[in-house]
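Here is the structure we will look at, set down as structure tokens.
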Amino acid sequence: MRTNKVLLIYTGGTIGMGQNPKTGALEPLDFNHLIDRVPEFGQISTDIDVYQFNPPIDSSDMSPQRWAEMVDIIAGAYDRYDGFVILHGTDTMSYTASALSFMLENLTKPVILTGSQLPIGQLRTDGKENLVTSIELAAAHHDDGRAIVPEVCIYFNGHLLRGNRSTKQDADGFNAFDTFNFPHLCEAGVNIVYNHHLILRPDFSRPMVAHTKMDRGVAVFSLYPGMEEGMMRYMLDYKGLRGIVMRSFGSGNAPQRPWLPRLLGEAAGRGIVVVNISQCVAGAVEMARYDTGFQLKEAGVVSGYDSTVEAAVTKLMHLQAYSDDPDYIRRKMNESMAGEITL
């Protein structure tokens, strides 16, 4: 049953910042100041309740504990709202969107993350449109009452993106995010045009299942010309390491150094899950395409297909928190759990 209510979760970020008159630096404002800057709120037909992180946090300080807090907030209020909007800093928004897509299993309501590149109080801000449209998207529903977009998304600059496909592409421009390996879920111009065939369809007969545990034993490293064996060995010997996201060249290639597949094979033998994703922003890993990629596959490295680094990291964190079986985790990394990879 619909409630005609949306919960707005304010975590912090540029959208709610103001300029310190003494230093000129941006600093968080109380959320009530933010609301005062958006008179358009009074024209929104959906009722809006607010949950505010106190104090607001810079997105650079985002952590698995904060993700769990968001999941608890959403799970606790799930039946009372038609959808949820999370105001979030842009720097780690794609990590949060990816994490929540795995932590909110069988999500049947929209969770829309948004923010801005300029504070909402500034004249040229992009924050007002991002916020107002996100609320509209979170409340949007079919004639039968079911949500139009029942998944974790990012809305920015007229585009609705699948959260676990997104990457921040621009530190300064209003078009800050894109999904290079997946089309946009909708475009918001004069009209909101949905690509219904791309949107996830959960089992509406089953409840949403909230997961709050995340395992931190994940490392990310990029291959580069001249990489030394000792550096990689030092990382692989870290006691708490359970998973690695390896950013390789092109379609999954690596330098032809005998020590590289040997070290990765030894790590895989100890139960460390190594996932191969491309350093390219578009395209997918094909480990059988070239011999160098095939050698990695033979060493026990698994393909991350067209996964973003944000999705690969948070998916590993999620799986490792609930399983000690590396073979199970490898199998799940090769499955699409929330639309994060193309198979």
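Relative contact order (percent) for region 126-283, with alpha-carbon contacts under 8 angstrom and 6 or more residues of separation? It rounds to 15 percent for region 126-283. Net charge in the neighbourhood of residue 276 (other residues with Cβ under 11 Å of its Cβ; Lys, Arg +1, Asp, Glu -1) is +1. Sorting 108-116, 239-247 by their mean Cβ neighbour count within 10 Å, with the most densely packed peptide first, gives 108-116, 239-247.
Accessible area ranking (1.4 Å probe, heavy atoms, ligands and nucleic acids excluded), largest first, for 80, 162: 80, 162.
Structure note, pairs 239/297; 109/297; 109/332; 109/239; 109/168: Cα-Cα distances above 31 angstrom occur for 109/297; 109/239.
Here the contact order of region 148-219, divided by its residue count and restricted to Cα pairs under 8 Å and six or more residues apart, works out to 25 percent. Against the compact-protein benchmark of 2.2 N^0.38 Å, the Cα-based radius of gyration of region 259-306 scales to 1.12. Multiplying the residue separation of residue 328 and residue 122 by 0.36 nm and removing their Cα-Cα distance gives an extension gain of 69.2 nm. Under a model in which nothing but the beta-carbon of Lys, Arg (+1) and Asp, Glu (-1) is charged, region 154-252 shows a dipole of about 460 debye around its Cα centre. Entry comment: accessible area of the chain is 45 Å² per residue, from protein heavy atoms only and a probe of 1.4 Å.
For the chain, the ratio of Cα radius of gyration to the globular rule of thumb 2.2 N^0.38 Å stands at 1.03. Need one word for region 150-248: rounded, prolate or oblate. Basis is the Cα gyration tensor (sqrt eigenvalues a ≥ b ≥ c); a/c below 1.5 gives rounded, then a/b vs b/c decides. Oblate, because a/c is 1.5 or more while a/b does not exceed b/c.
Return the whole-Å distance between the Cα centroid of region 253-295 and the Cα centroid of region 91-118. Centre-to-centre distance over Cα atoms comes out at 29 Å. For residue 286, the solvent-accessible surface computed with a 1.4 Å probe is close to 90 Å², ligands and nucleic acids excluded. Panel values: region 151-196, Kirkwood radius from alpha carbon pairs, Stokes-Einstein at 10 °C and 1.306 mPa s, translational diffusion coefficient 148 µm²/s. Taking the DSSP beta bridges with both ends in region 86-173, the antiparallel portion is around 50 percent. Charge tally for residue 59 (other residues, Cβ to Cβ under 11 Å; Lys, Arg +1; Asp, Glu -1): -1.
The values are calculated or read from the model by the stated rules, or taken from the named source; none is laboratory data. Note that this is a predicted model, so its numbers are computed, not measured. So basically every Cβ, Gly included, is an ideal-geometry build from the backbone, and we count neighbours across all protein chains shown. Surface accessibility is based on the protein's heavy atoms, side chains included, excluding ligands, DNA and RNA. Shrake-Rupley method; radii C 1.70, N 1.55, O 1.52, S 1.80 Å.
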